[in-house]
């Protein structure tokens with residue numbers, strides 16, 4: 001039950017882009033067509049899942065026992081940077097097809113605030129290892145969902161006349177705002193109604 | 001001060017404003033701007049980190065091997081972010097709590113890494129210092145502007161730091177009772193950002209500049 005709640009929370013209720021404002025740079029930058037949106041979303045989900053596990057282990061096996069909690073930010077970002085590099089190497093070696101799909105997005109992920117964000121949130125929420133992993137994957141899926149929706153909107157917008165001042169980024173923000181308004185329907189009461 | 005130096009210092013404020021023109025560091029821009037004091041707090045934190053990381057990267061640029069420069073920059077930035085976190089926790093706990101997760105996330109604020117890579121790694125210490133001050137100031141101004149609009153219209157107040165008998169909250173008569181609540185919510189932040197961006201695009205178009 002906890003896991004279902006985590007998934008619904010991070011995909012819909014606390015959607016990383018539309019209600020937490022984490023990962024806005026790729027949301028605007030990589031949402032011009034749906035293919036790259038799917039690629040970016042999958043790469044982020046993948047890294048967020050693994051990063052959740054790794055940062056959990058670093059925090060509970062290294063930082064807490066050694067009383068180094070104040071190094072949290074520094075160690076997490078290093079773990080994530082190393083992890084992204086590592087994932088890039090492994091994917092490149094073992095699965096050229098996947099590398100072709102995700103390759104160009106992987107280096108961008110180190111500075112995606114969603115990844116460091118979920119790592120810190122897991123610690124703040126006191127999740128255990130499995131819950132951290134689920135939260136990472138769920139937040140990644142929520143990110144992917146918002147990115148795909150946005151890319152579809154922007155593909156349609158390309159075919160419509162938009163005033164020059166609004167074209168490009170401004171209209172993307174406004175569409176995003178309207179989407180966030182729709183996502184407000186997913187709130188805490190929805191969660192309690194679904195799960196009792 | 002030569003005109004080139006002045007240009008380095010001032011371009012971050014309008015011409016190359018990090019938020020409205022270069023479009024970097026958007027997450028904290030929308031995430032923390034529900035109250036003016038949070039916008040200013042975030043801006044000051046970013047100025048501190050940006051200035052010191054720019055100085056240190058400019059000092060160390062000849063010693064950092066090219067292939068590992070990004071991780072090296074991130075470590076330098078993370079060290080200063082940790083300092084900011086500790087200082088804010090100790091002296092302004094209310095701002096620290098309001099900024100929450102966005103404070104450690106200064107590490108991945110693209111402005112800082114962006115300036116490190118694009119400017120500090122190629123220029124002298126003094127120029128990098130000026131660039132950090134200018135860009136940080138431009139970021140703070142944009143954040144304060146967005147926070148001001150969102151707070152005044154979204155909740156009808158202006159929250160500043162409490163001093164003495166003044167509790168730090170200015171209430172605006174009519175708007176306090178009938179606020180446009182959406183502006184303080186997530187959706188309103190995105191809408192406002194879109195409209196502001198469109199306004200700046202229209203403004204530069206009107207002046208005959210290329211966007």
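Please treat every number below as a calculation from the coordinates, not as lab data. Not measured: the values here are computed from a predicted model. We place every Cβ from the backbone using ideal geometry, glycine too, and count neighbours over all the protein chains shown.
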**OP:** Counting other beta carbons within 10 Å of each Cβ, put B:27, A:25 in order, fewest first.
**Re:** A:25, B:27
Original post:
Any idea what angle helix A:113-124 forms with the longest principal axis of chain A, computed on alpha-carbon atoms, 0 to 90 degrees, nearest 10?
Top reply: 40
Subject >> Most mobile listed residue (B:43, B:132, B:194) in chain B, GNM with C-alpha springs under 10 Å >> reply: B:194
**OP:** Return the Rg/Rh value of the stretch A:138-196, two decimal places, where both radii are evaluated on C-alpha atoms and Rh is the Kirkwood radius.
**Re:** 1.12
Original post:
Any idea what angle helix A:169-183 forms with the longest principal axis of chain A, computed on alpha-carbon atoms, 0 to 90 degrees, nearest 10?
Top reply: 70
Original post:
Once you sort the root eigenvalues of the Cα gyration tensor of the protein assembly as shown as a ≥ b ≥ c, which label holds: rounded (a/c under 1.5), prolate (a/b larger than b/c) or oblate (the other case)?
Top reply: rounded
Subject >> Value at 222 nm in deg cm²/dmol, rounded to 500, when DSSP H runs of n ≥ 4 in chain B each add -39,500 (n - 2.57) >> reply: -20500 deg cm²/dmol
Subject >> Cβ neighbours within 10 Å from other chains - mean over A:107-119 >> reply: 4
**OP:** Would you mind ranking A:188, B:197 by Cβ crowding within 10 Å, fewest neighbours first?
**Re:** A:188, B:197
Original post:
Can you give the mean number of other chain Cβ atoms that lie within 10 Å of the Cβ atoms in peptide B:62-74?
Top reply: 1
Subject >> Packing-based ranking, highest mean first, of B:143-154, A:78-89 given that Cβ atoms within 10 Å are counted >> reply: B:143-154, A:78-89
Subject >> Helical contribution to [θ] at 222 nm, DSSP H n ≥ 4, -39,500 (n - 2.57), averaged over chain A, rounded to 500 >> reply: -22000 deg cm²/dmol
**OP:** Starting from the Cα gyration tensor of the stretch B:59-123, take the square roots of the eigenvalues, sort them a ≥ b ≥ c, and report rounded, prolate or oblate (rounded when a/c is under 1.5, otherwise prolate if a/b is larger than b/c, else oblate).
**Re:** prolate
Original post:
In what sequence do B:6, B:206 fall when counting other Cβ within 10 Å, fewest first?
Top reply: B:206, B:6
Subject >> Distance from the stretch A:138-164 to the stretch B:1-60 (C-alpha centre basis), Å >> reply: 29
Subject >> Crossing angle, helix A:34-57 versus chain A [Cα axis fit, 0-90 degrees, rounded to tens] >> reply: 20
Original post:
Taking the Cβ-Cβ separation of residue B:122 and residue B:205 as r and a Förster radius of 30 Å, what is the calculated FRET efficiency to the nearest 0.05?
Top reply: 0.40
**OP:** Per residue of A:162-175, count partner chain C-beta atoms within 10 Å of its C-beta, then hand back the mean as an integer.
**Re:** 6
Original post:
Taking the Cα atoms of the stretch B:1-82 alone, what are Rg (to one decimal) and Dmax (as a whole number) in Å?
Top reply: 14.9, 42
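Can you classify chain B as rounded, prolate or oblate using the Cα gyration tensor, where a ≥ b ≥ c are the square roots of its eigenvalues, rounded means a/c under 1.5, and otherwise it's prolate if a/b beats b/c and oblate if not?
oblate
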